[in-house]
């Protein structure tokens, strides 16, 4: 369910929508039973199909002499890894080929994409993983169109796979899973044929060099559950047609050059559990329909020039577990509604222009284990009690807020001065120059009575997907 380069951004299995994860897991596993056991008594193959298979193997793998060691590759008892056959019309036909995945043939260092593979008429699943490494190769346009039964096509982690995506790949109505991730593909996302992919549930084009706009026709993929276009060079706005993809559970458009605002239509995605828009050029207010995303658990939108107040409505996303809005020019106070996010585990608001006091209710979030409010303009007394500070340990960062102070010896642990120490917001009305227009702000800390003792761990928070 299979997300960087710049920064790894894979979705861990605990964060991936269950339906998509199970689909991808099952599709990538080798068969647990004999792929040839279908009750057939005829073990023969079409001679042209067998010769095509041998040509593919000869060009891809030098693990052994496939012709002499397995002259009847689909026969019962044949020890041909990564191959699956089924009987159709009295003959055995190749339905699955795996290269580079565990327990499958390894690829030659000089391997290139074999166009003959598209001539296998009953092929349903094709996997090339970590195969094309040194010799530049491109995805060929199928000579007579892709195999009519192809349901899964996965080309992953092939550093020498270059060039554009052939539009013919987007014209296969039977396709359910299309993964072209971590290659060096370039050019635009083909708009032609997108409307024909009526069965597609997983589309991953991440970690390539794709350019241009996200085609509006992508909204026609109404069966799609998982869309990952992250870590490319896509530009222009997020098309409003994305809001028509009512089955979508994961949408990752992070690390591109997308601009404009977040379209209001995203509020229509009632099944959306994961939304990543980080590291783009998006700006302006978040859509008013955002609270309708009641399935949303992960909202990652740091590193965008938003330059607006933090929206109060985010507190209505009851199932939210991670909220990351760092380095995005947000200003004003932290909404008190964030204390309603009872399932929240991570809140990252660092490197903004937030002002005012930290809402006391954040200390009541029983599941939170990572809280970063550093490098803002927050002031007042840190409202967290000893148990909260002890539980988060090194995952609580309030540093870089010169107007903040903490009671007792907690300040050193959370990155702020102790109230009254003279270093931060002490009882002597320590004056600080704010970052907004040079205005002078005054903060007074009166309460020195509480001494917080804790054991502070060095937990590390990792943010990973993709399926």
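The values are calculated or read from the model by the stated rules, or taken from the named source; none is laboratory data. Keep in mind it's a predicted model, so treat the numbers as computed, not measured. Virtual Cβ from ideal backbone geometry, glycine too; neighbours counted across all protein chains shown.
Screening the candidates 287, 291 for the property of being closer than 21 Å to residue 225 by Cα, touching a helix residue (DSSP H, G or I) at 6+ places or on another chain (Cβ under 6 Å) and modelled with pLDDT under 95 yields one hit, 291. Candidates in the range 188-220 are the residues that are touching a helix residue (DSSP H, G or I) at 6+ places or on another chain (Cβ under 9 Å), at pLDDT below 95 and not in a helix (DSSP H, G or I); of these, the one that is nearest to residue 270 (Cα to Cα) is 198.
Of all residues in the range 138-150, those that are surrounded by 18 or more Cβ atoms within 10 Å (Cβ to Cβ) have Cβ atoms under 7 Å from Cβ atoms of residues that are at pLDDT below 85 and assigned to a loop (DSSP other than H, G, I, E, B), 6 or more apart or on another chain, in 146/172; 150/172. Of all residues in the range 221-235, those satisfying the criterion of being within 17 Å of residue 175 (Cα to Cα) and in a loop (DSSP other than H, G, I, E, B) are 221, 222, 223, 224, 225.
Considered as a group, the residues in the range 179-200 that are under 20 Å from residue 123 (Cβ atoms) and crowded, with 23+ Cβ neighbours inside 10 Å include one that is nearest to the chain's Cα centre (by Cα), and that residue is 179.
Any residue at all in the range 263-280 that's in a strand (DSSP E or B) and surrounded by fewer than 20 Cβ atoms within 10 Å (Cβ to Cβ)? Within the range 263-280, none of the residues are in a strand (DSSP E or B) and surrounded by fewer than 20 Cβ atoms within 10 Å (Cβ to Cβ).
Looking at the range 316-349 only, could you name the residues that are over 13 Å from residue 370 (Cα atoms) and not in a loop (DSSP other than H, G, I, E, B)? Residues satisfying the conditions are 316, 331, 332, 336, 337, 338, 339, 340. Scanning the range 281-315 for residues that are more than 21 Å from residue 371 (Cβ to Cβ), out of contact with any strand residue (DSSP E or B) (no Cβ under 7 Å at 6 or more places or on another chain) and not in a loop (DSSP other than H, G, I, E, B) gives 290, 291, 292. Looking across 182, 152, one residue alone is on the phi > 0 side of the Ramachandran plot and in contact with a strand residue (DSSP E or B) (Cβ under 6 Å, 6 or more places away or on another chain). It is 182.
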